[in-house]
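Some notes on the structure that comes next.
The values are calculated or read from the model by the stated rules, or taken from the named source; none is laboratory data. Values in this document were obtained by computation on a predicted structure and should not be read as measured data. In this analysis, Cβ positions are derived from the backbone assuming ideal geometry, glycine residues included, and neighbour counts consider all displayed protein chains. What goes into the accessible areas is simple: the full protein's heavy atoms, side chains included, and nothing from ligands, DNA or RNA. Shrake-Rupley method; radii C 1.70, N 1.55, O 1.52, S 1.80 Å.
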Amino acid sequence: MTNPVYFKLGEMLIKEGLISPDQLERAILVQKKEGGRVGEILIKLEIVKESDLAYVLGKQLHIPYTSAKSGSLVPAEDQGLMELIPKDFAIKNIILPLSRNINSLTCAIFDPLDLTLLDNLRKMTNCEIIPVIATKTDILDAAKAFYGRSDLLKNAVEQSYGVKDMTIESDADAKIDTSLSMDRLVAIAEEAPVIKLVELIIRQAIDEKASDIHVEPYRNKIRLRYRVDGKLYDIPPPAKHLHVAIISRIKILAKLDIAEKRLPQDGAFMVRMEDRTIDLRVSVIPTMYGEKVVMRILDRSLVALDFSSLGFEPKQLEQFRKAITSPYGLVLLTGPTGSGKTTTLYAALNEIKNPSINIVTVEDPVEYRMDGINQVQVKPEIGLTFALALRAFLRQDPDVILVGETRDLETAEICIRSALTGHLVLSTLHTNDAPSAVTRLIDIGIEPYLLMPSLLLVVAQRLIRLLCQYCKEAYEPGKEHLAGLNVGTELLYRAKGCSKCNHIGYKGRMPIVEMMVVDSKIRELIGRRVSFQELRKAAVEAGMETLPQSGMRKAEKGLTSIEEVISVTMGMD
């Protein structure tokens, strides 16, 4: 029986003037006798050229056609493509990986109708496959050249470092080699291939707008991950034997002790890309199979220091502005690490700074440098703590004080006494919601009579991913999907995925917040040491929008999905 897809292909070849109806019929007769595909038979009979068939098939399936002559059949370097798709698999299935983004892989494929192959590729790479079509000859030639280069590179690296990949048979064998001298470690880290590799890892992360880079050693491999929009994604990793060289290079950049492998270390360095200056904070910890490194990327150009661009609702914006323009008092931002608290605080400082106000900050670390503001980096190793810096601030005639984090009773007491003596104090606290901040401060030893007159506003914040505006999909949810949810619209949106968002379905983030304004009723409850549940009830009755409610408003506007809101606010009332 004739394959209808290829029969249509035959008709397209006729339409393009490449074959005649008689030639197509001849090919179909051969197919009936010998089997096979019409397209391959036409090539075998020398009726059409391989390139013509690929072009028409791509046109039929709406898949881009590429060729060796165009120069586009060249895989991207340093993306780990040869580890992602092994040489034997690529040659056997006539495919060639060309480039990878976070969640998508572009592959040149000879037979895009082979759905089993496409499914196997998805499972093997954990990526959405974006096919381009090319001829069998071009793919095989390009694959042999590409994997041949990788073999040469592997041999060069092995000769350079004097090591080869090995199968690890026991935990004892798997442990990292710590016998290298410090001179040898420095020499390895300063070799050109290692320098280039580390630079490419950092550059790719910056290009992908990642917030963190994770380099993690395991028994027989390195795991490389980027955190993008709050989610970790696997990236093709370097070879295991390069782990020591990569870690040593990063340590040198961050001015850390490369010979110390037993204790955690923290450092930082700065890179410049075009007209941007980007800070990287480095944390190194020892693990069973070597040192793990996490690099936090602080790209100042991506920081929104304008309230209007943060995504606050008009009422929330009004409440926040009223608090930060008060002559004195305490404003707290709460939430877990990575919830955007510091960015919101910097936006607040940017809103109120002017030559007539003296603003000082104490932070660990100073994440973003701002003109017109005096910023202090704590250094516990020499005794410069939050508490010591705050005491010194009070002799510096400040109007506004920002404390990076309220970590202990001493810091909290100085913050509150500063707020009571004519200063506006902004700080962060790690709690799950806004009302919990009050009970947390009381629990660590702050007396309610000090907290009542000083506290102005508590803001709890989370970051939710935004739907990609190019591919988000509208739908009408059924009642079963909205059970227990207060949604004020019949039309919602969900993630789909496209090339603009690397087939993730989301691109960018914005905060959702709940703001507890400390009014007379809340102050009375604070004085009575009530539970956070009672504080929360009173705040909601006074008009506080909770984090889940704030998220639902974003979903109703088509900015995010219900699934994203639920995942971020799960367990909250």
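For residue 355, all conditions in the list (1) surrounded by 14 or more Cβ atoms within 10 Å (Cβ to Cβ); (2) assigned to a loop (DSSP other than H, G, I, E, B) hold save one; what is the number of the exception?
Going through (1) surrounded by 14 or more Cβ atoms within 10 Å (Cβ to Cβ); (2) assigned to a loop (DSSP other than H, G, I, E, B) one by one, residue 355 breaks only (1).
Which of the following residues is open to solvent by 40 Å² or more (accessible area, probe 1.4 Å) and within 30 Å of residue 560 (Cα to Cα): 272, 262, 227?
Going through 272, 262, 227 in turn, the sole match is 227.
From the list 176, 168, pick out the single residue that is modelled with pLDDT under 75, of a type outside the set (Gly, Ala, Ser) and over 31 Å from the mean Cα position of the chain (by Cα).
So the residue among 176, 168 that is modelled with pLDDT under 75, of a type outside the set (Gly, Ala, Ser) and over 31 Å from the mean Cα position of the chain (by Cα) is 168.
Which residues, counting only those in the stretch 444-461, are outside any helix (DSSP H, G or I) and open to solvent by less than 20 Å² (accessible area, probe 1.4 Å)?
446, 455, 457, 458, 459, 460, 461
Kindly list, by first and then second residue, each pair from a residue in the stretch 372-398 that is free of Cβ contacts under 8 Å to residues at least 60 places away in the same chain and closer than 23 Å to residue 351 by Cα to a residue that is open to solvent by 80 Å² or more (accessible area, probe 1.4 Å) and part of a loop (DSSP other than H, G, I, E, B), limited to pairs with Cβ atoms under 7 Å and residues at least 6 apart or on different chains.
Sorted first by the residue in the stretch 372-398, then by its partner, the pairs are 375/369.
Output the residue which, of all residues in the stretch 330-352 that are small (Gly, Ala, Ser) and part of a helix (DSSP H, G or I), is surrounded by the fewest Cβ atoms within 10 Å (Cβ to Cβ).
347
Here are the criteria: (1) touching a helix residue (DSSP H, G or I) at 6+ places or on another chain (Cβ under 8 Å); (2) closer than 30 Å to residue 12 by Cα; (3) at pLDDT 85 or above. Tell me which single one residue 68 does not satisfy.
(3)
How do the pairs read when you match residues in the stretch 75-89 that are under 17 Å from residue 223 (Cβ atoms) and open to solvent by 80 Å² or more (accessible area, probe 1.4 Å) with residues anywhere that are in a loop (DSSP other than H, G, I, E, B) and modelled with pLDDT of 80 or more, using Cβ under 9 Å and keeping only pairs 6 or more apart or on different chains?
Pairs that qualify, where the first residue is under 17 Å from residue 223 (Cβ atoms) and open to solvent by 80 Å² or more (accessible area, probe 1.4 Å) and the partner is in a loop (DSSP other than H, G, I, E, B) and modelled with pLDDT of 80 or more, are 83/237; 83/238; 83/239.
Being in a strand (DSSP E or B) and within 14 Å of residue 65 (Cα to Cα) is the filter here; which residues of the stretch 94-114 pass it?
Matches in the stretch 94-114: 95, 96, 98, 106, 107, 108, 109.
Can you confirm whether residue 105 is over 31 Å from the mean Cα position of the chain (by Cα) and crowded, with 20+ Cβ neighbours inside 10 Å?
When the stated conditions are applied, residue 105 does not pass them.
Any residue at all in the stretch 60-70 that is over 27 Å from residue 507 (Cβ atoms), part of a helix (DSSP H, G or I) and of a type outside the set (A, V, I, L, M)?
Checked against the condition, which is being over 27 Å from residue 507 (Cβ atoms), part of a helix (DSSP H, G or I) and of a type outside the set (A, V, I, L, M), the stretch 60-70 yields at least one hit.
Within the stretch 27-42, how many residues turn out to be open to solvent by less than 50 Å² (accessible area, probe 1.4 Å) and either under 15 Å from residue 11 (Cα atoms) or part of a helix (DSSP H, G or I) (or both)?
Summing the residues that are open to solvent by less than 50 Å² (accessible area, probe 1.4 Å) and either under 15 Å from residue 11 (Cα atoms) or part of a helix (DSSP H, G or I) (or both) in the stretch 27-42 gives 8.
Working only within the stretch 201-257, note down all residues that are over 21 Å from residue 504 (Cα atoms), in a strand (DSSP E or B) and of a type in the set (Val, Ile, Thr).
If the condition is that a residue be over 21 Å from residue 504 (Cα atoms), in a strand (DSSP E or B) and of a type in the set (Val, Ile, Thr), then 215, 222 are the ones that fit.
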